[in-house]
Amino acid sequence: MRAPTLDLGLLRTLVAVADTGSVTAAARRLAYTQSTVSMQLQRLESALDVALHEREGRRLRFTAEGERLLGHARKLLLLNDEALADMRTRRVTGDLNLGIPEDYASLLTSVFSWFHQLYPEVRLQVTCGTSAHLMEQVRADELDLALVTRQRRSPGGEMIRREPLAWAVGLQHQPSLTDPLPLALYSLGADLFREVAEQSLAAAGRDWRVAYTSQSMVGLGPVVQAGLAIVVVTRSMLTPQLRALDESSGLPALPPVELALHRAARRPTEPARRLAELIREELSLGEG
């Protein structure tokens, strides 16, 4: 009979919850949805047949068994990371240019950290821009890789992850949800989100007006938080200052978007191949 083994991915989620203090914060760190984090904790409890955590109001507290497992989890993950680093330390050098929309950069926080630990001699340059522009730069061989929103008119690339979309408003303030809806939209040509929002509202027979435009959430966020407009975001882009609207809002459901990895046509460099592997491994784990 095969001996049972612990899933290191589930243990990594457990540690993230312990380090951040909540499922919500752990989801942001891991670029998962909150439901994914909760589901992984449940899977771990089912595998061990013990209760690892319990709720105290809005707070999460580890049980004695959860604290014991947490100590083992930290040791196992440390050994795992050391083993990977040791086996992957074949000298990799060179320049690497990655493109990514500004709003997706947080998805790669752990990837950047891990990549630097594994390949400290690689000079990584990250360029932020719109998905459409970054794809043009890849085609022109100005970028080695680009992680972008897959476009409907020219899909291409390797589909890495599907991201659910949501209508969002400020945590404390929100505009009236009567027509015409005030929308905070990405600039024309900046991304697929604007197209999806407008098509979904048109199909539902809703009227809207463009209240604010920007090429990223850096520009849209403050006006949405102030309650002046509604915005479309991926679940991973939700911040503590934003709140996703549910079906009771009366707004139409939104289709998910796909994140795709585009590579330059030339033969990939070794740094590009290694980074693509890490992106694939990391983002596929948290697919919404």
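The values are calculated or read from the model by the stated rules, or taken from the named source; none is laboratory data. Not measured: the values here are computed from a predicted model. Don't worry about glycine lacking a Cβ; one is built from the backbone with ideal geometry, like all the others, and counts go over all protein chains shown. Heads up: the accessible areas ignore ligands, DNA and RNA and are worked out on the full protein's heavy atoms, side chains in. Shrake-Rupley method; radii C 1.70, N 1.55, O 1.52, S 1.80 Å.
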ALA244 versus (1) surrounded by fewer than 16 Cβ atoms within 10 Å (Cβ to Cβ); (2) over 30 Å from ALA202 (Cβ atoms): which is the lone unmet condition?
(2)
Among the residues in region 151-172, are any of a type in the set (Ser, Thr, Tyr), surrounded by fewer than 19 Cβ atoms within 10 Å (Cβ to Cβ) and more than 30 Å from ALA276 (Cα to Cα)?
no
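On the basis of being touching a strand residue (DSSP E or B) at 6+ places or on another chain (Cβ under 9 Å) and not hydrophobic (A, V, I, L, M, F, W, C), does PRO155 make the cut?
Criteria met by PRO155.
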Tell me which strands (runs of 3 or more DSSP E) are completely within region 184-272 and hold 3 or more residues being in contact with a Pro (Cβ under 7 Å, 6 or more places away or on another chain), or say none if there are none.
208-214
Can you tell me which residues in region 140-150 are of a type in the set (D, E, K, R) and open to solvent by less than 60 Å² (accessible area, probe 1.4 Å)?
ASP144, ARG150
Take the conditions surrounded by fewer than 22 Cβ atoms within 10 Å (Cβ to Cβ) and part of a strand (DSSP E or B) and apply them to GLN137. Does it pass?
no
Against the condition assigned to a helix (DSSP H, G or I), free of Cβ contacts under 8 Å to residues at least 12 places away in the same chain and of a type in the set (S, T, N, Q), how does SER284 come out, does it pass?
no
When both residues are 6+ apart or on different chains and their Cβ atoms are under 9 Å apart, which pairs have a first residue that lies in region 202-226 and is in contact (Cβ under 8 Å) with a residue 12 or more places away in the chain, and a second that is open to solvent by 70 Å² or more (accessible area, probe 1.4 Å) and assigned to a strand (DSSP E or B)?
SER216/CYS128; LEU220/TYR212; LEU220/THR213; VAL223/TYR212; VAL224/TYR212
Could you identify the single residue in ARG61, ARG12 that is outside any helix (DSSP H, G or I) and within 26 Å of the chain's Cα centre (by Cα)?
ARG61
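Restricting to region 143-154, name every residue that is part of a loop (DSSP other than H, G, I, E, B) and modelled with pLDDT of 95 or more.
Those that are part of a loop (DSSP other than H, G, I, E, B) and modelled with pLDDT of 95 or more: LEU143, ASP144.
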Only residues that are within 24 Å of LEU118 (Cα to Cα), at pLDDT 90 or above and open to solvent by 80 Å² or more (accessible area, probe 1.4 Å): list them for region 247-279, please.
ARG263, ARG273
Residue list for region 89-103, filter: within 23 Å of the chain's Cα centre (by Cα) and either closer than 18 Å to ALA272 by Cβ or hydrophobic (A, V, I, L, M, F, W, C) (or both)
LEU96, ASN97, LEU98, GLY99, ILE100
